[in-house]
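Quick notes on the structure that follows.
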Amino acid sequence: MSKDNNTIRLIPVTDWNNHHSWPAQGGLRHLIFHEHENGFHKCVRRIGRRVLIDEASFFEWVEEINS
């Protein structure tokens, strides 16, 4: 799902690998820990203590760092 059709898919870090094989949960946590240094803060949403990844923003971030 994408932002184009007004839907945002937020995936809990613990469930990320149920939807995508990469990155592994440990790698994802590393990205979150350093989110302000690597620009990953664009992908992270926090609701209370839950940390969620905006799926569309994640893939935009991947394209951004690879260009």
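Brief remarks follow.
- Here the extension length gained between His36 and Val13 equals 6.5 nm, from 0.36 nm per residue of separation less the Cα-Cα distance.
- Using only the C-alpha atoms, the convex hull of the chain corresponds to 90 Å³ per residue.
Just so you know, all these numbers are worked out from the coordinates, no wet-lab data involved. Model, not experiment: these values are computed from the prediction.
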